[in-house]
Amino acid sequence: MALIYKQFQSGFGVPSPSPFCMKGEIYLKMAGADYASEIIDDPRKAPKGKLPYLIDNSAEIADTALIRRHLENTYGVDFDAGLTIEERAVAHAMARMTEERLYWVTLFSRWIDDHNWPIIKDFWFGDMPPIIRNIVPVIARKQVQKGLHAQGLGRHSVPDIYAFGAADLEALSVQLGQKAFMFGDQPSSLDATAYPAITNSLIEALPGPLLDIAKSHSNFAPYAARCQALWFPDFGG
């Protein structure tokens with residue numbers, strides 16, 4: 001299969017600073033897909049105004065959940081082969097936890113936390129012409145702030161927000177334990193979600209409570225290294 005995968009650029013020493021872009025690419029790798037990766041700077045050009053998305057012939061599949069469904073239905077992939085029905089349910093629930101709350105904590109730590117915002121601003125907007133560089137980041141940050149408020153997380157205090165993130169990372173650490181992957185010796189769909197979230201929480205260039213919490217779990221760094229060796233062995237940071 002020859003597919004085109006549209007995503008953000010890499011950065012901060014991880015394959016992608018977007019957990020969702022990493023997740024979608026891991027699905028492609030788990031499926032053994034023949035694909036080409038293309039970088040997009042402006043997500044507004046994507047079908048649903050966000051990245052990643054997949055092009056398969058004339059079909060444009062936007063959203064990693066739909067990319068997964070497309071690979072399963074079109075190419076007969078089972079990302080949870082070997083898991084029991086109970087384990088599949090746990091994988092589903094923990095993935096939703098990771099994407100529906102921990103992701104928003106990560107977003108807050110980067111775009112709203114005043115310590116990390118200048119770093120994020122320079123990474124995403126630093127190459128823009130001076131006039132645009134002074135305007136676009138302000139608008140983008142306000143949009144993120146509105147999104148966090150609408151989602152609900154942005155209505156809480158800073159300590160409470162990071163406490164939510166700590167609880168989610170603790171749950172992932174407990175599930176992982178001393179296993180190679182989330183359910184044992186073979187990766188599953190949960191690893192495609194958990195590894196991007198964990199490795200993005202471990203970015204040293206973005207210090208703060210989220211990094212401190214992630215580093216407190218001794219099983220995270222070896223896990224991230226195993227996953228990178230499996231799925232992104234040629235990535236140099």
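Condition check ((1) free of Cβ contacts under 8 Å to residues at least 60 places away in the same chain; (2) under 19 Å from the mean Cα position of the chain (by Cα)) across all residues:
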| residue | (1), (2) |
| --- | --- |
| PRO19 | no, yes |
| LYS23 | no, yes |
| GLY32 | yes, no |
| LYS45 | yes, no |
| GLY49 | yes, yes |
| LEU54 | yes, yes |
| ASN57 | yes, no |
| LEU66 | yes, yes |
| ILE85 | yes, no |
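For the list (1) in contact with a His (Cβ under 8 Å, 6 or more places away or on another chain); (2) of a type in the set (Gly, Ala, Ser); (3) over 23 Å from ILE119 (Cα atoms), I need the number of the one condition that GLY208 fails.
Here GLY208 clears every test but (3).
Here are some conditions: (1) open to solvent by 60 Å² or more (accessible area, probe 1.4 Å); (2) of a type in the set (S, T, N, Q); (3) closer than 15 Å to TRP104 by Cβ. ASN134 meets all but one. Which one does it not meet?
Among (1) open to solvent by 60 Å² or more (accessible area, probe 1.4 Å); (2) of a type in the set (S, T, N, Q); (3) closer than 15 Å to TRP104 by Cβ, the lone unmet condition for ASN134 is (3).
Given the conditions (1) part of a helix (DSSP H, G or I); (2) open to solvent by less than 60 Å² (accessible area, probe 1.4 Å), report the number of the one that ASP113 does not fulfil.
Checking ASP113 against (1) part of a helix (DSSP H, G or I); (2) open to solvent by less than 60 Å² (accessible area, probe 1.4 Å), the one that fails is (1).
Given segment 140-237, what helices (runs of 4 or more DSSP H) lie entirely inside it while holding 3 or more residues that are open to solvent by less than 20 Å² (accessible area, probe 1.4 Å) and among the β-branched types (Val, Ile, Thr)?
By residue number, 189-201.
For segment 32-47, name all the residues that are at pLDDT 95 or above and closer than 25 Å to ASP127 by Cβ.
Those that are at pLDDT 95 or above and closer than 25 Å to ASP127 by Cβ: ALA36, SER37, GLU38, ILE39.
Among the listed residues ILE61, ILE4, which satisfies the condition of being touching a helix residue (DSSP H, G or I) at 6+ places or on another chain (Cβ under 7 Å) and of a type in the set (Val, Ile, Thr)?
ILE61
The values are calculated or read from the model by the stated rules, or taken from the named source; none is laboratory data. What you see is a predicted model, and the numbers here were worked out from it, not measured in a lab. FYI the Cβ positions are ideal-geometry reconstructions off the backbone, even for glycines, and counts take in every protein chain you see. Protein only, heavy atoms only, side chains kept; ligands, DNA and RNA dropped before computing areas. Shrake-Rupley method; radii C 1.70, N 1.55, O 1.52, S 1.80 Å.
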